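Here the structure is laid out as structure tokens; the discussion comes afterwards.
The values are calculated or read from the model by the stated rules, or taken from the named source; none is laboratory data. The model shown is predicted, which means the values in this text are computed figures rather than measured ones. Cβ placement follows ideal geometry from the backbone for every residue including glycine, while neighbour counts extend to all protein chains displayed.
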Amino acid sequence: MITINEHYLKLQASYLFSDIAKRVAAFQAENPSQSVIKLGIGDVTRALPGACIEAFHKAVDEMAKDVSFRGYGPEQGYAFLREAIAANDYRARGADISADEIFVSDGAKCDTGNIQELFSGDIKIAIPDPVYPVYLDTNVMAGRTGNFKDGRYEGLIYLDSTKENNFVPALPAGDVDLIYLCFPNNPTGSTISKEALKTWVDYARDHKALILFDAAYEAFIQDDSLPKSIFEIEGAREVAIEFRSYSKTAGFTGTRCAFTVVPKECAAFDAKGNRHFIHPLWNRRHCTKFNGVSYPVQRAAEAIYSEEGKAQTRELISYYMQNAEMVCRGIKELGFDYVGGQNSPYVWIDGKRDSWEFFDILLNKAGVVCTPGAGFGRCGNGYIRISAFNSHENVAAAMQRIRQVLA
Ligand SMILES: *Cc1c(COP(=O)(O)O)cnc(C)c1O
């Protein structure tokens, strides 16, 4: 008899985006002439940078001739891309990372979801609330939690991100083995200072713990005093793995390219307390279960680091940041408290009422779609997330409508 992994039965159906879609469809059916502006889902809206498109085309043409055709590439990614990453994303900022510590992949979602299989089933895990659901659900699937009760899984340590702690959670009170952090944060848009991140690195070193640092939004950091990488923090190489993605940086959500950084010194322990380096284990997993990102996509990603590529990505980010600024200005004028929007494409707003109630007001009265914060965890109750991923025109129109409804 074929039996299933019963841990899957503990998973809470994710109704968030389907619920939103249902409510939007109902509204549109009743108001066919009213346009709906979507500032909900975290997907980019603008085209790939020209430098990427050019490199992409050129690489496709190489695939058309036997002499320049490429079959399987290195699973970890081509040297041209890994070297560009090490030089530009790390060494240029004083972070000591070498090309062979970088694993190119087809997404930070997959990498943040897959990494947990390197660790034993009985570790103690700390997960932020509100949270990007991938960290949570992949550990539920692996059987590292109990059942879902009163809005939370048993057996996990939740790191509350609230107004009181400025949406940067406090260190866990006791022992924790694996810690997920994401800054700039999705969904709150909050950032962490170097000093605060150092306290997490020190905690991990003191507790023989490991930090999984999701830096998918580092490109949105405008304040140069903020860390873009956890490897800018002293002592992090032994206790941290970093995830990055070109999805939000350069509009690659549909093109797919990301990478994970596993420093050579980074280690975990066996039951007897012996240290084992994670790099060879992740390399083994990656080569066994993944066969590399396509050559044209890696060439397109490499082009992000050319002079034009850098200028074009800066322009892309700055376009979205102007939207974020528009959202922040409007929300502030209306007297709401918010966080994010300064070094992040997300604005996290205290709606002073139930998340779904606020969502319904914005949809039904203003024709604007946001994301109810309650969908990201218990601490998201009462909040909504507005995303800057849209055109200037749409964001300006959305804020105008919101002003009319809420002023
Ligand atoms: C968008 C996003 C990613 C990137 O995922 P990809 O699979 O690379 O597209 C990773 N982490 C967070 C928190 C995100 O919001």
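Residue count for the stretch 58-74 satisfying the condition of being out of contact with any Ser or Thr (no Cβ under 7 Å at 6 or more places or on another chain) and touching a residue at least 40 places away in the same chain (Cβ under 8 Å): 8. Selection of first residues in the stretch 329-341 that are assigned by TED's automatic domain parsing to the domain that holds Arg353 and exposed (fewer than 15 other Cβ atoms within 10 Å of the Cβ) and of second residues that are at pLDDT 95 or above and charged (D, E, K, R), restricted to Cβ pairs under 6 Å at least 6 apart or on distinct chains, gives the following pairs, ordered by first then second residue: Asp337/Asp350. Determine if the stretch 31-48 includes at least one residue that is part of a helix (DSSP H, G or I), farther than 27 Å from Asp150 by Cβ and outside the structural domain of Val140 (by TED's automatic domain parsing). Checked against the condition, which is being part of a helix (DSSP H, G or I), farther than 27 Å from Asp150 by Cβ and outside the structural domain of Val140 (by TED's automatic domain parsing), the stretch 31-48 yields no hits at all.
Could we say that Tyr90 is in a loop (DSSP other than H, G, I, E, B), hydroxyl-bearing (Ser, Thr, Tyr) and in contact (Cβ under 8 Å) with a residue 40 or more places away in the chain here? Walk me through how you get there before you give the answer.
Working: in a loop (DSSP other than H, G, I, E, B): no; hydroxyl-bearing (Ser, Thr, Tyr): yes; in contact (Cβ under 8 Å) with a residue 40 or more places away in the chain: yes.
It is false that Tyr90 is in a loop (DSSP other than H, G, I, E, B), hydroxyl-bearing (Ser, Thr, Tyr) and in contact (Cβ under 8 Å) with a residue 40 or more places away in the chain.
Taking the criterion of being buried (at least 19 other Cβ atoms within 10 Å of the Cβ), within 16 Å of the ligand (Cβ to nearest atom) and outside any helix (DSSP H, G or I), would at least one residue in the stretch 7-21 satisfy it? Scanning the stretch 7-21 turns up no residue that is buried (at least 19 other Cβ atoms within 10 Å of the Cβ), within 16 Å of the ligand (Cβ to nearest atom) and outside any helix (DSSP H, G or I).
Given the criteria outside the structural domain of Tyr320 (by TED's automatic domain parsing) and exposed (fewer than 15 other Cβ atoms within 10 Å of the Cβ), does Asn186 qualify? Outline the logic, then answer.
On the way: outside the structural domain of Tyr320 (by TED's automatic domain parsing): yes; exposed (fewer than 15 other Cβ atoms within 10 Å of the Cβ): no.
No, not satisfied.
Scanning the stretch 228-245 for residues that are in contact (Cβ under 8 Å) with a residue 40 or more places away in the chain and touching a Leu at 6+ places or on another chain (Cβ under 6 Å) turns up just one, Ile241. Pairs linking a residue in the stretch 300-321 that is closer than 18 Å to Thr255 by Cα to a residue that is assigned to a helix (DSSP H, G or I) and among the aromatic types (Phe, Trp, Tyr), with Cβ atoms under 8 Å and 6 or more positions apart or on different chains, are Ala300/Phe56; Ala301/Tyr246; Glu302/Phe80; Ala303/Phe56; Ile304/Tyr246; Ile317/Phe220.
Leu159 passes every criterion in (1) aliphatic (A, V, I, L, M); (2) at pLDDT 95 or above; (3) surrounded by fewer than 21 Cβ atoms within 10 Å (Cβ to Cβ); (4) closer than 25 Å to Asp202 by Cβ apart from (3).
Just one residue in the set Asp122, Asp96, Asp66, Asp100 is in a helix (DSSP H, G or I), of a type in the set (Asp, Glu) and farther than 14 Å from Ala301 by Cβ; that residue is Asp100.
Summed over the stretch 98-122, the residues that are crowded, with 22+ Cβ neighbours inside 10 Å and more than 16 Å from the ligand (Cβ to nearest atom) give a count of 1. Hey, does the stretch 242-255 have a residue that's within 20 Å of Val168 (Cα to Cα), buried (at least 22 other Cβ atoms within 10 Å of the Cβ) and away from the ligand (no atom under 11 Å from the Cβ)? Yes.
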